[in-house]
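Inspection log for the structure reproduced underneath, given as structure tokens.
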Amino acid sequence: MKNSNYSKVYRIMHWLIAVSFMLLLITIFLRLTWMNKYNVAAIIQDFLKDTDLVLTQEQLIVLAKKIRQPMWDWHIYIGYFLVGLFSLRFMLPLFGEMKIQNPLAKNITAKARFQNWTYIIFYFCVLVSLLTGLIIELGPKEFKKPMEEVHELGIYYLIGYICIHLAGVLFAEFTDQKGIISRMVSGKLNKE
């Protein structure tokens, strides 16, 4: 298989998108675990046990949501950043950068066809997540709940895609595309 070098634009976009997704996953992970509103409410309640203050469960949940709101604001900011990155990502092929490969092209290997379909499906899922996120934040209130239900499913495709992507990169690195990782970092194949 041909070992191609990756342009600076390609590498910058790849790593900005990758870091953004990792930061989004961190905010989701924190929200579902340590920063879960019930966990935070329990910590507050435990603290208040030694004082004269008493709060209802509903008040504790409201307070817990306020405590974790700055973390969730970062989820939204990163989402806006990703909207910009993916808008740019889909404009770059017009300038000869980061072309989207056709999975239906003739004379491509089954592996290349699988890779191309994986990217198409990933881009579709990302677009759904970004659009539902924008509707949640900027759209009519009556759409918020149904859009949240769809948006929350994004964690499943994202984790699945990251696993497939990493497995594919490692497989390529140790089989027919030695140096793919160093090319994605430096832009060229490191000769040892």
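Readers should treat all values here as calculations from the given coordinates under stated rules, not as data from a laboratory. Small disclaimer: the values here were computed from a predicted structure and weren't measured. We place every Cβ from the backbone using ideal geometry, glycine too, and count neighbours over all the protein chains shown.
Between the C-alpha center of region 121-192 and that of region 46-109 there is a gap of 13 Å. Highest mobility in the GNM of the chain, judged by mean-square fluctuation with C-alpha springs under 10 Å and restricted to 89, 113, 11, is found for 113.
The value of relative contact order for the chain, using C-alpha pairs under 8 Å at least six residues apart, is 26 percent. On full extension, the segment bounded by residue 145 and residue 7 gains 45.6 nm, given 0.36 nm per residue less the C-alpha separation. For region 58-160, taking Cα atoms only, Rg and Dmax work out to 17.8, 63 Å respectively. Partner aspartates and glutamates whose Cα lies under 19 Å from the Cα of residue 141, excluding those fewer than 8 positions away in the same chain, are identified as 73, 149, 152. Here the alpha carbons of region 6-89 define both size measures, Rg and Dmax, at 18.3, 63 Å. Assuming charge only on the beta carbon of Lys and Arg (+1) and of Asp and Glu (-1), the dipole of the chain about its Cα centre is about 960 debye to the nearest 20. A straight Cα-to-Cα reach below 24 Å connects residue 49 with the lysines 37, 65, 66, residues fewer than 8 places away in its own chain not being considered. Build a GNM of the chain with springs between Cα atoms under 10 Å apart, and of 128, 62, 54 the one that fluctuates most is 54. When the chain is treated as a Gaussian network with alpha carbon springs shorter than 10 Å, the biggest mean-square fluctuation among 141, 65, 99 belongs to 141. The lysines within cross-link reach of residue 111, meaning a Cα-to-Cα straight distance under 28 Å and a gap of 8 or more places when in the same chain, are 2, 8, 99, 178, 188, 191.
Between the listed residues 16, 26, 70, the Cα displaced farthest toward the positive end of the dipole of the chain, a dipole computed from Cβ unit charges relative to the Cα centre, is found at 16.
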